[in-house]
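Single-structure report; data block below.
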Amino acid sequence: MSKALSPFERSHTVSCAVLVLFIMSGKQSRKSFLACLSLLVFSISESSASVSGECLADADCPTLTAPEQPIPSPVVVDLATVPAQLLSLAKLSDVESGPGVTRLIFTDSDAAGRAYVRSLMEKAELVVREDAMGNIFGRWVGSEPTLPAVGSGSHADAIPNSGAYDGTLGVLGPIEAIAALKRAGFKPKRSIDALMFTSEEPTRFGISCVGSRAMASKLDAVYLDSLTDILNPDHGSFRNAALKAGYANNTLNTKDMLSQCSLGDYGAYYDSFIELHIEQGPELEEENLSIGVVTAIAAPAALRCSFTGDGGHAGAQLMHRRNDALIAAAELSSAVEKFALDTKSDDTVATVGVLKVGPGAINSVPRTADMEIDVRDIDGERRDKVVSKIISRGQEIAKKRNVRWSHEIVNADPPATCAPKVANAIEAAAKKLKLSSKRMVSRAYHDSLFMSEVAPTGMLFIPCHKGFSHRPDEFASAIDIKNGVEALALALASLSLA
Ligand code: GLV
Ligand code: MN
Ligand code: MN
């Protein structure tokens with residue numbers, strides 16, 4: 001079924017095509033990328049006429065603030081700035097590894113991304129500091145600088161061949177939100193921080209949210225040292241990589257590095273925290289809504305397990321004499337799907353995301369099958385039951401198929417409930433901007449999972465194209481980005497006055 005495209009849909013389609021072109025073009029065709037970027041800026045400025053000047057009379061708006069200083073209106077974010085910054089950041093990628101954005105933590109592209117983020121913070125006249133793990137803080141000092149601040153941030157590391165928006169929107173958005181509040185003449189009472197977290201993605205060290213876990217004092221030094229660095233499997237450690245990247249210099253050891261990054265007791269450093277993020281699912285777009293107000297964040301349990309058989313010759317070894325590790329893993333993989341479906345809740349999801357077969361030769365019966373399994377839910381107890389069923393089934397299959405079994409629970413973090421005062425501030429901001437919104441859960445995890453252990457925390461979602469994420473054609477439109485950053489600005493302003 002086809003229908004005529006509205007001007008906004010046309011602009012969205014053009015911009016999406018531009019991003020895909022950019023991602024596919026690689027380093028070689030920088031010129032064609034620049035031509036595409038001009039087209040993008042043109043397409044979004046064309047559509048801006050219909051959305052600028054949308055701010056409303058204060059009489060229409062709920063009271064968000066202490067009466068002494070109303071939230072300024074309008075707080076205006078232009079359509080082009082953040083999308084162009086996102087594309088600049090997307091260029092800082094290990095392009096060799098594929099068509100999308102790849103930015104593993106503490107690599108050269110990560111260092112370049114950090115320099116870019118710091119430069120934007122400096123341009124916005126924020127006071128920049130970096131901690132021993134490489135978390136970056138850009139502070140707009142409030143009129144009462146000793147009060148716990150308001151924070152907003154996300155991550156800029158990107159899994160292999162992913163997109164330009166996951167995490168990065170939540171890093172660049174707060175800097176622009178602060179700049180917009182400054183332009184509007186707002187003066188914060190509590191300081192407002194824009195943050196970039198180190199290593200939200202688990203790609204390099206096998207554990208997610210390294211920077212925010214450290215802030216929340218939820219990371220054990222011995223455990224962190226035990227993790228394998230995929231770029232340096234023999235003797236790499238997180239601290240070594242941090243040292244090479246210019247961090248952790250003033251620390252004695254990993255324990256010291258971690259404790260220097262702790263933000264202390266709940267509410268002591270931040271009075272509230274908001275993460276702006278693309279939804280990474282299709283609900284907002286399908287329901288034609290602008291803003292998602294997150295009420296709970298699902299948490300993953302990560303399970304590593306292995307089947308080991310005896311291998312053998314693929315021609316000479318008869319079928320009934322084999323103990324094929326891959327067949328055991330295949331059987332467990334379908335059980336993983338079944339156990340998640342059996343809960344009858346959409347909130348339970350389970351994925352076998354890694355399956356490595358050894359020795360990996362066409363003429364060899366698989367001797368080893370190493371699996372990594374991700375199970376998530378907003379209900380921690382239900383998730384843990386699924387994990388237990390997977391482990392028991394793995395043991396049964398191993399027995400039945402005469403292979404050896406081992407497993408390790410890498411992490412099983414508790415899901416988070418978002419703070420009502422933060423969700424209310426986001427919802428009120430959306431209402432003030434006359435943006436449609438709904439309350440929803442986050443099925444992906446985020447640094448907010450750990451920031452919710454540090455301070456009252458909430459998340460603000462914007463739609464993304466078809467819900468695509470962790471893939472090169474991830475996309476959020478300029479208008480959705482503008483709406484999200486403006487809503488973030490108003491929510492930060494109201495929380496800074498609280
Ligand atoms: C975050 O990247 C996630 O996997 O949810
Ligand atoms: Mn991600
Ligand atoms: Mn993310």
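Just to be sure I understand, how many residues within segment 435-451 are in a loop (DSSP other than H, G, I, E, B), of a type in the set (S, T, Y) and within 15 Å of ligand 3 (Cβ to nearest atom)? Steps first, answer last, please.
The first filter runs over segment 435-451 and keeps only residues in a loop (DSSP other than H, G, I, E, B), leaving 435-436, 443-447.
Keeping just the survivors that are of a type in the set (S, T, Y) gives 436, 445.
Applying the additional criterion that residues be within 15 Å of ligand 3 (Cβ to nearest atom) yields 445.
Number of matching residues: 1.
Pull out all pairs, ordered by first then second residue, where Cβ-Cβ is under 6 Å, the residues are six or more apart or on different chains, the first lies in segment 121-133 and is under 19 Å from G170 (Cβ atoms), and the second is of a type in the set (S, T, N, Q).
Correct list of pairs: M133/T198.
Considering only strands (runs of 3 or more DSSP E) fully contained in segment 89-202, which possess at least 3 residues that are among the aliphatic types (A, V, I, L, M)? Before you say what the answer is, go through the steps one by one.
Numbers: elements: 101-103, 127-130, 136-140, 149-155, 158-162, 192-197.
The qualifying strands (runs of 3 or more DSSP E) are 192-197.
Looking only at segment 301-341, how many residues end up being within 24 Å of S392 (Cβ to Cβ), among the aliphatic types (A, V, I, L, M) and over 27 Å from the mean Cα position of the chain (by Cα)?
Counting residues in segment 301-341 that are within 24 Å of S392 (Cβ to Cβ), among the aliphatic types (A, V, I, L, M) and over 27 Å from the mean Cα position of the chain (by Cα) gives 8.
Only residues that are at positive phi and more than 12 Å from ligand 3 (Cβ to nearest atom): list them for segment 160-199, please. Break it down stepwise before answering.
So in segment 160-199, the residues at positive phi come out as 161, 167, 185, 199.
Answer for segment 160-199, where residues must be at positive phi and more than 12 Å from ligand 3 (Cβ to nearest atom): N161, G185.
Which residue out of S364, S406, S436 is in contact (Cβ under 8 Å) with a residue 12 or more places away in the chain and not assigned by TED's automatic domain parsing to the domain that holds K344? Before you say what the answer is, go through the steps one by one.
Details: S364 fails: not assigned by TED's automatic domain parsing to the domain that holds K344; S406 fails: not assigned by TED's automatic domain parsing to the domain that holds K344.
S436 is the lone residue from the list that is in contact (Cβ under 8 Å) with a residue 12 or more places away in the chain and not assigned by TED's automatic domain parsing to the domain that holds K344.
What pairs come out if I take residues in segment 196-217 that are closer than 17 Å to A112 by Cβ and pair them with residues that are of a type in the set (G, A, S) and surrounded by fewer than 22 Cβ atoms within 10 Å (Cβ to Cβ) whose C-beta lies under 9 Å away, six or more apart or interchain?
R204/G236
Being of a type outside the set (S, T, Y), buried (at least 21 other Cβ atoms within 10 Å of the Cβ) and either within 15 Å of ligand 3 (Cβ to nearest atom) or in contact (Cβ under 8 Å) with a residue 24 or more places away in the chain (or both) is the requirement here; does A423 meet it?
On the way: of a type outside the set (S, T, Y): yes; buried (at least 21 other Cβ atoms within 10 Å of the Cβ): yes; either within 15 Å of ligand 3 (Cβ to nearest atom) or in contact (Cβ under 8 Å) with a residue 24 or more places away in the chain (or both): yes.
So A423 passes the test.
Give just the number: which of (1) within 16 Å of ligand 2 (Cβ to nearest atom); (2) within 28 Å of K482 (Cβ to Cβ) does E176 not satisfy?
Among (1) within 16 Å of ligand 2 (Cβ to nearest atom); (2) within 28 Å of K482 (Cβ to Cβ), the lone unmet condition for E176 is (1).
For segment 469-487, does any single residue satisfy the condition of being within 15 Å of ligand 1 (Cβ to nearest atom), part of a strand (DSSP E or B) and touching a Ser or Thr at 6+ places or on another chain (Cβ under 6 Å)?
no
Pairs, please: C-beta under 7 Å, at least 6 apart or cross-chain, first residue assigned by TED's automatic domain parsing to the domain that holds L435 and in segment 477-491, second part of a helix (DSSP H, G or I) and at pLDDT below 95?
S477/H12; S477/S15; A478/S15; A478/I44; I479/F8; I479/S47
Do the conditions hold for A430, that is, is it modelled with pLDDT of 95 or more, part of a helix (DSSP H, G or I), more than 16 Å from ligand 2 (Cβ to nearest atom) and surrounded by 23 or more Cβ atoms within 10 Å (Cβ to Cβ)?
On the way: modelled with pLDDT of 95 or more: yes; part of a helix (DSSP H, G or I): yes; more than 16 Å from ligand 2 (Cβ to nearest atom): yes; surrounded by 23 or more Cβ atoms within 10 Å (Cβ to Cβ): yes.
In short, yes.
Is it true that some residue in segment 374-390 is among the small types (G, A, S), crowded, with 18+ Cβ neighbours inside 10 Å and within 29 Å of C418 (Cα to Cα)?
Initial filter on segment 374-390 (among the small types (G, A, S)): 380, 388.
From the residues that got through so far, the ones that are crowded, with 18+ Cβ neighbours inside 10 Å too are none.
Checking segment 374-390: not a single residue is among the small types (G, A, S), crowded, with 18+ Cβ neighbours inside 10 Å and within 29 Å of C418 (Cα to Cα).
Taking the options H470, H465, name whichever one is in the same structural domain as R213 (by TED's automatic domain parsing), buried (at least 22 other Cβ atoms within 10 Å of the Cβ) and under 18 Å from Q280 (Cα atoms). Break it down stepwise before answering.
Numbers: H470 fails: buried (at least 22 other Cβ atoms within 10 Å of the Cβ).
Of H470, H465, the one residue that is in the same structural domain as R213 (by TED's automatic domain parsing), buried (at least 22 other Cβ atoms within 10 Å of the Cβ) and under 18 Å from Q280 (Cα atoms) is H465.
Checking the conditions here, which among D265, D225, D220 is in the same structural domain as E176 (by TED's automatic domain parsing), of a type in the set (D, E) and either in contact (Cβ under 8 Å) with a residue 40 or more places away in the chain or more than 30 Å from V422 (Cβ to Cβ) (or both)? Lay out the reasoning, then the answer.
Values: D265 fails: either in contact (Cβ under 8 Å) with a residue 40 or more places away in the chain or more than 30 Å from V422 (Cβ to Cβ) (or both); D220 fails: either in contact (Cβ under 8 Å) with a residue 40 or more places away in the chain or more than 30 Å from V422 (Cβ to Cβ) (or both).
Just a single option satisfies the conditions, and that option is D225.
For segment 154-177, what are the residues that are away from ligand 1 (no atom under 16 Å from the Cβ) and either of a type in the set (S, T, Y) or in contact with a Gly (Cβ under 8 Å, 6 or more places away or on another chain) (or both)?
First, the residues of segment 154-177 that are away from ligand 1 (no atom under 16 Å from the Cβ): 172-177.
The answer is G173, P174, I175.
Of the residues I274, I278, only one is within 16 Å of ligand 1 (Cβ to nearest atom) and crowded, with 22+ Cβ neighbours inside 10 Å; which?
After applying the criteria, what remains is I278.
If you scan segment 296-350, which residues turn out to be among the charged types (D, E, K, R) and within 12 Å of P366 (Cβ to Cβ)? Give the derivation first.
First, pick out the residues of segment 296-350 that are among the charged types (D, E, K, R): 304, 310, 321-322, 324, 331, 337-338, 342, 344, 346-347.
Within segment 296-350, D310, R322, D324 qualify.
The values are calculated or read from the model by the stated rules, or taken from the named source; none is laboratory data. Just so it is clear, the structure is predicted and the values come from calculations on it, not from any experiment. Counting neighbours? That spans all protein chains shown, and the Cβs are built from the backbone with ideal geometry, glycine included.
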